[in-house]
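Notes follow the structure.
The values are calculated or read from the model by the stated rules, or taken from the named source; none is laboratory data. It should be emphasised that the depicted structure is a prediction, and the values quoted were computed from it without experimental measurement. Cβ atoms come from the backbone with ideal geometry, glycine included; neighbour counts cover every protein chain shown. Surface accessibility is based on the protein's heavy atoms, side chains included, excluding ligands, DNA and RNA. Shrake-Rupley method; radii C 1.70, N 1.55, O 1.52, S 1.80 Å.
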Amino acid sequence: MDEPVISDFYTPYYTRAITGGLLVLWLNWHMISACIRGNLANPAGTYVMTLFSMMLLAVYYYFFSKSWKRITVTPTEIIVDDVVFKKQIKIPYTAITHINAYRTGGNTNGRLFSQDFVIEFDGDQSVSINEAWYDNYNHLTTTIYIHKYGPGHGRERYL
């Protein structure tokens with residue numbers, strides 16, 4: 001139990017997300033090329049659609065980048081590596097103030113509802129781990145519970 005547990009990305013989720021990102025990029029390229037080729041009679045519609053597709057790409061990138069985290073659970077701390085922005089957060093178990101799980105709606109991994117595991121630490125910071133992002137979500141969350149609260153809280157059966 002002292003060996004670190006490293007998150008395993010759920011491949012179909014990221015395959016769909018990357019495919020969606022490529023489709024949005026293609027849409028942006030298509031709209032920009034339409035602007036360059038130009039419809040000189042009425043260019044305003046093309047420019048508005050290009051602006052809309054670029055905003056869609058920015059929003060898509062923002063939400064996708066929030067899910068691309070590698071979680072490492074050690075006996076002393078939780079290490080959250082943000083793959084996109086190259087940031088690392090180290091959360092010692094003593095700094096954790098609250099741990100909770102919430103059900104969210106939406107069809108992920110063939111499930112109607114997925115679970116968000118939220119770790120609050122240092123008063124006003126939090127990290128969310130979604131069940132749809134990782135293959136070993138149950139193992140990660142159970143290990144965090146055991147390291148934070150100790151054995152005997154009924155979570156060992158999930159390992």
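I78 fulfils the conditions (1) under 24 Å from the mean Cα position of the chain (by Cα); (2) open to solvent by 40 Å² or more (accessible area, probe 1.4 Å) except for a single criterion, (2). So which residues in the stretch 69-101 are aromatic (F, W, Y) and touching a residue at least 40 places away in the same chain (Cβ under 8 Å), if there are any at all? Once the filter is applied, which keeps residues that are aromatic (F, W, Y) and touching a residue at least 40 places away in the same chain (Cβ under 8 Å), the stretch 69-101 yields only Y93.
Among the criteria (1) over 30 Å from N138 (Cα atoms); (2) touching a residue at least 12 places away in the same chain (Cβ under 8 Å), the one Y60 does not fulfil is (1).
Given A58, A44, which one is modelled with pLDDT under 80 and of a type in the set (G, A, S)?
Result of the check over A58, A44: A44.
Just so you know, in the stretch 122-132 the residues that are closer than 15 Å to A101 by Cα and open to solvent by less than 70 Å² (accessible area, probe 1.4 Å) include one that is modelled with the lowest pLDDT, and it is A132.
Filtered by the rule that a residue be under 28 Å from S65 (Cα atoms) and at pLDDT below 80, the stretch 28-41 gives N28, H30, M31, I32, S33. Scanning the stretch 81-93 for residues that are open to solvent by 30 Å² or more (accessible area, probe 1.4 Å) and at pLDDT 90 or above returns D81, Q88, I89, K90, P92. With respect to being at pLDDT below 80, among the small types (G, A, S) and open to solvent by 70 Å² or more (accessible area, probe 1.4 Å), G106 falls outside the description. Taken over the stretch 1-18, residues that are assigned to a loop (DSSP other than H, G, I, E, B) and closer than 18 Å to A132 by Cβ amount to 3. Annotation: T94 fulfils all but one of (1) within 25 Å of L23 (Cβ to Cβ); (2) in a helix (DSSP H, G or I); the unmet one is (1).
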